[in-house]
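This report refers to the structure that appears directly beneath it.
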Amino acid sequence: MSDNLRRYRAICHALTQAYPTPPTGHFARHVQTLAALISGIVRGKSTQRPTIATKVPDGRKPESRVNRFARWLDNARILEERYFLPYAERLLMPLAIETLVLVMDGSVVGRDCAALMIHVIDKGRALPLAWRVRQGPKGHFPEDLHIAVVELISKVIPEGAKGVFLGDGEFDGTALQAPLNEAGWSYACRTALRTVATWEGVTFRLETLGAWSKPGTLIA
């Protein structure tokens, strides 16, 4: 048995374990295509479909595999609730024994696109859980997109798990705090010194606190 075939079978078996009953029919074929994509990406060290297609052991010509992958990616029935989130849920279950550290940031992907991603930190690695992609250069995403990604991944966080949300200054919006509080997560984000806050009826800029606070100071 070739390494490519062994890898593909192992990935396919692992994916099917995420469902309460084994996939059948079109559902099973879609899972097999997903397994082929993952196997080809790992073996080919590339996300280019022609490269992936040369590393998939299904007996077809590479051109046929490229078309198969394109149809899968363009298929409106390939929904994240069925083909992505179940695997994120399986990943989070053992990690949720301890506090989950969730990090959100933006990354450049594909051709002239940017992705807003949320990761879980495990052993120093950032493992992607969910994302939203838009066309355009990398830059700050609107806050409603931040909220959408948090609400999406909240559905698969194990019940009772503790979480900490981390982000840079892009994610300091007050509207984002609502779903974080609803999920029961703690959060820490950078923010601008010019941000205005109110404490016990007194309004001030955050740089005022920085002027007299020492590193590590906690303010209730």
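The values are calculated or read from the model by the stated rules, or taken from the named source; none is laboratory data. These figures come from a predicted structure and were not determined experimentally. Reconstructed Cβ throughout: ideal geometry from the backbone, glycine too, with neighbour counts over all protein chains shown. Quick note on the areas: whole protein, heavy atoms, side chains included, nothing else; ligands and nucleic acids left out. Shrake-Rupley method; radii C 1.70, N 1.55, O 1.52, S 1.80 Å.
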For the stretch 137-155, state whether one or more residues are assigned to a loop (DSSP other than H, G, I, E, B) and touching a residue at least 40 places away in the same chain (Cβ under 8 Å). yes
Is it true that some residue in the stretch 186-201 is among the polar types (S, T, N, Q), within 21 Å of F165 (Cβ to Cβ) and more than 21 Å from the chain's Cα centre (by Cα)? yes
Residues (touching a Ser or Thr at 6+ places or on another chain (Cβ under 9 Å), assigned to a strand (DSSP E or B) and under 15 Å from H119 (Cα atoms)) located in the stretch 156-188: G163, V164, F165
Pairs where the first residue, in the stretch 181-210, is closer than 26 Å to T99 by Cβ and the second is charged (D, E, K, R) and surrounded by 12 or more Cβ atoms within 10 Å (Cβ to Cβ), C-beta under 7 Å, 6+ apart: C189/D168; C189/D172; R190/D168; R190/D172; T191/D172
Could you list, in sequence order, all residues of the stretch 198-220 that are in contact with a helix residue (DSSP H, G or I) (Cβ under 9 Å, 6 or more places away or on another chain) and within 28 Å of S154 (Cα to Cα)? I219
Can A178 be described as in contact with a helix residue (DSSP H, G or I) (Cβ under 7 Å, 6 or more places away or on another chain) and surrounded by 10 or more Cβ atoms within 10 Å (Cβ to Cβ)? no
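Would the stretch 93-114 turn up any residue that is closer than 30 Å to L5 by Cα and at pLDDT below 90?
So the first thing to find is which residues in the stretch 93-114 are closer than 30 Å to L5 by Cα, and the list is 93-95, 109-110.
So of that shortlist, the ones also at pLDDT below 90 come out as 109-110.
Looking for residues that are closer than 30 Å to L5 by Cα and at pLDDT below 90, one finds at least one in the stretch 93-114, hence yes.
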Please indicate, with yes or no, whether at least one residue in the stretch 23-44 is hydroxyl-bearing (S, T, Y), surrounded by 14 or more Cβ atoms within 10 Å (Cβ to Cβ), closer than 23 Å to K155 by Cα and without any contact (Cβ under 8 Å) to a residue 40 or more places away in the chain. no
So in the stretch 78-97, with the set limited to residues that are without any contact (Cβ under 8 Å) to a residue 24 or more places away in the chain and part of a loop (DSSP other than H, G, I, E, B), which one is least open to solvent (accessible area, probe 1.4 Å)? L79
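Please pick out the residue among E170, E159, E207 that is exposed (fewer than 11 other Cβ atoms within 10 Å of the Cβ) and acidic (D, E). Reasoning before the result, please.
Details: E170 fails: exposed (fewer than 11 other Cβ atoms within 10 Å of the Cβ); E207 fails: exposed (fewer than 11 other Cβ atoms within 10 Å of the Cβ).
Exactly one residue qualifies, and that residue is E159.
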Being open to solvent by 20 Å² or more (accessible area, probe 1.4 Å), over 17 Å from the mean Cα position of the chain (by Cα) and touching a residue at least 12 places away in the same chain (Cβ under 8 Å), is that true of even one residue in the stretch 113-134? no
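Output yes when any residue across the stretch 125-134 is farther than 26 Å from S46 by Cβ and touching a strand residue (DSSP E or B) at 6+ places or on another chain (Cβ under 8 Å), and no when none is.
Here is the first cut: in the stretch 125-134, the ones farther than 26 Å from S46 by Cβ are none.
Within the stretch 125-134, not a single residue is farther than 26 Å from S46 by Cβ and touching a strand residue (DSSP E or B) at 6+ places or on another chain (Cβ under 8 Å).
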